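Step one of this worksheet: look at the structure below.
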Amino acid sequence: MYNKQAFIALYSILAKEVSRYFRIWVQTLLPPAITMTLYFVIFGQLIGSRIGDMDGVSYIEYITPGIIMMSVITNSYSNVVSSFFSAKFQRSIEEMLVSPVPTLFILMGYIFGGVSRGLLTGIIVTIVASQFVDFKIHSWPILFFVVTLTSMLFATGGLVNAIFAKKFDDISIVPTFILTPLTYLGGVFYSIKLLPEFWQNVSLGNPILYMVNAFRYGFLGFSDINITHALILISCFIIALLSLAYYLLQKGIGIRS
Amino acid sequence: MSTKAIEIHDLKKIYGGQFTALKGISFDVEEGDFLALLGPNGAGKSTTIGVICSLVNKTSGSVKVFGHSIDNELEAAKRCIGLVPQEFNFSQFETCLQIVVNQAGYYGVPRKLATQRAEVVLKQLSLWEKRNTPSRELSGGMKRRLMIARALIHEPKILILDEPTAGVDIEIRRSMWEFLTELNKQGTTIVLTTHYLEEAEQLCRRIAIINQGEIIENTSMKDIISRLDVETFVLDIDSMPEKFPEINSVTFRQRDDTSIEVDIPKGISLNLIFSWLSEQNIQVSSMRNKSNRLEELFVKLTENAA
């Protein structure tokens, strides 16, 4: 049974996490704003104006949800993977391990920290986007639901990566070689309907495609993917990764001798 | 009947199925005690502490902290313990105040109360002026004191210190001794591992010696000191005698041109030595113990066990 003390502990972990990424805001909050501004200028305005409409909306409007989602995914993941690995590396994770914080609350503390950075970055990029495109929102609930679940999923993924990581190289392998290619091929910049049938089917195996399209649905009201299928898939991934992360933390894998 | 602060029974730890760090050790620590856990490098001291504080998963055996088993009442057991580990293990980027207040939070201490307690404990350890300094900018001695402050913030019943004075200068070491002695007087049980045997002799009332994963001695400091049967003194003299006399079982050795070593069994008066030296017209300019008394016994015990 979890009492008030456990929630104070959760608040402490979350406060520590939030203060960490605010302390290094030049590394955490500023880069997405600059990078995404470049995306909007280059792909949205310069190149986008020559591409024309995509699924009945301007190209810049089409790519806006994907670009926001891309920054949410990257920041949720990188916040937890670097924070948890650095706690392992400096052994400050022992502060929590010797204390009576329940494993579930350590897990939640790190994930909520990652989600908070992911959502904050999403808001920053949305503000940047609003300078370039006059977008409208089709469904606020779906938008909020999808972005929060996706952020949670990648924050958990970052935690699992950090638990297994033994050196700093190990925390950059997944983002560089898996996450970035899957994001770029996940329908951020194009509709999969433009692809030959074979590659359309291959693309359906990319989980990020579902998240980007579900998010795009929240903005624009259309998607390459069935929105219900997308939400079920994201939920299944979250349950699987959360269970794995909880098991690993409870067993002390990578953090206890 | 006194309460047991720690009860360890048949504790075993095998790393990776190959290296046996603890071979089924058993010992108790009474509430209010000040125990020194001694042993050479790799003897199993840090593993024992790691298991008590749940940083190391035990292979078998049982550990209870104030009656709470770490197997099924882990959270209650953890609340009783404050740990000062051997290595610095706080975030290099956080300030002293953040480190201490966050640690209180992990124990469920509300933020406001944690901040009040942090002020008290940081002042006690002379760190209040450095409260807003990132921990990486502190000196080695300050970092050690910060770890003590962090360990005390939730007011534990037992404080476990793994070589707390390693690498700190004599002045800071002595001020830490005073602090720990005072803390123990106020009722906190203290378990200390150290390589400075003088430290154990000065501070602790009980001593447990661990060697190659086994407890080879567990007794009072008074008892173990009483077992010392020979003390060695170094005497600085103005001239060297031609030969040394045979006085009871006293053994003389020449160290260099101006000093000798004398092994004196327990019960033999030092006056005998000085009388003989006076007869020889030899002046003694100074005298000192050759080595720490406990160190001699420690070496003897660990050699015998090996």
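The values are calculated or read from the model by the stated rules, or taken from the named source; none is laboratory data. Bear in mind that the values here come from a model prediction, so they are computed numbers and not experimental data. For neighbour counting, all protein chains shown are included, and Cβ atoms are generated from backbone atoms with ideal geometry for every residue, glycine included. For the accessible areas, the whole protein counts, side chains as well, though only heavy atoms, and no ligand, DNA or RNA atoms are used. Shrake-Rupley method; radii C 1.70, N 1.55, O 1.52, S 1.80 Å.
Considering only the stretch B:286-294, I want to know if a residue exists there that is closer than 16 Å to B:Leu197 by Cβ and assigned to a helix (DSSP H, G or I). So far as the stretch B:286-294 goes, yes, one or more of its residues are closer than 16 Å to B:Leu197 by Cβ and assigned to a helix (DSSP H, G or I).
Within the stretch A:1-38, being open to solvent by less than 30 Å² (accessible area, probe 1.4 Å) and more than 8 Å from every other protein chain (Cβ to nearest Cβ) holds for A:Leu10, A:Glu17, A:Tyr21, A:Thr28, A:Leu29, A:Pro32, A:Ala33, A:Met36.
A Cβ distance below 6 Å, combined with a sequence gap of six or more or placement on separate chains, defines the contacts here; from the stretch B:103-131, residues that are closer than 29 Å to A:Met108 by Cβ reach residues that are among the acidic types (Asp, Glu) in the pairs B:Gln103/A:Glu95. The residues in the stretch A:199-241 that are touching a helix residue (DSSP H, G or I) at 6+ places or on another chain (Cβ under 8 Å) and assigned to a helix (DSSP H, G or I) can be counted, and the count is 27.
Got a sec? Which helices (runs of 4 or more DSSP H) wholly within the stretch A:48-111 have at least 1 residues that are within 14 Å of another protein chain (Cβ to nearest Cβ) and of a type in the set (A, V, I, L, M)?
Qualifying helices (runs of 4 or more DSSP H): A:59-89, A:94-97.
Across the stretch A:161-180, the qualifying residues are those that are open to solvent by 60 Å² or more (accessible area, probe 1.4 Å) and of a type in the set (A, V, I, L, M, F, W, C), and the one among them that is nearest to A:Leu249 (Cα to Cα) is A:Phe164.
Conditions tested, residue by residue: (1) under 25 Å from A:Phe89 (Cβ atoms); (2) touching a Leu at 6+ places or on another chain (Cβ under 8 Å).
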residue: A:Thr148; (1), (2): no, yes
residue: A:Val160; (1), (2): yes, yes
residue: A:Ile163; (1), (2): yes, yes
residue: A:Phe168; (1), (2): yes, no
residue: A:Phe177; (1), (2): yes, no
residue: A:Thr180; (1), (2): yes, no
residue: A:Gly187; (1), (2): no, yes
residue: A:Lys193; (1), (2): no, no
residue: A:Pro196; (1), (2): no, no
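Among the residues that make up the stretch B:100-118, is at least one of them touching a strand residue (DSSP E or B) at 6+ places or on another chain (Cβ under 9 Å) and more than 11 Å from chain A (Cβ to nearest Cβ)? Within the stretch B:100-118, none of the residues are touching a strand residue (DSSP E or B) at 6+ places or on another chain (Cβ under 9 Å) and more than 11 Å from chain A (Cβ to nearest Cβ).
The numbered conditions (1) buried (at least 22 other Cβ atoms within 10 Å of the Cβ); (2) free of Cβ contacts under 8 Å to residues at least 60 places away in the same chain are all true for A:Ser130 except (1).
In the stretch B:46-54 there is at least one residue that is open to solvent by 40 Å² or more (accessible area, probe 1.4 Å) and not in a strand (DSSP E or B).
Just one of the listed residues (B:Ile8, B:Ile70) is under 18 Å from A:Glu94 (Cα atoms) and either away from chain A (no Cβ under 12 Å) or crowded, with 18+ Cβ neighbours inside 10 Å (or both), namely B:Ile70. Among residues of the stretch B:188-238 being of a type in the set (Asp, Glu), open to solvent by 50 Å² or more (accessible area, probe 1.4 Å) and part of a helix (DSSP H, G or I), the one that is modelled with the highest pLDDT is B:Asp223.
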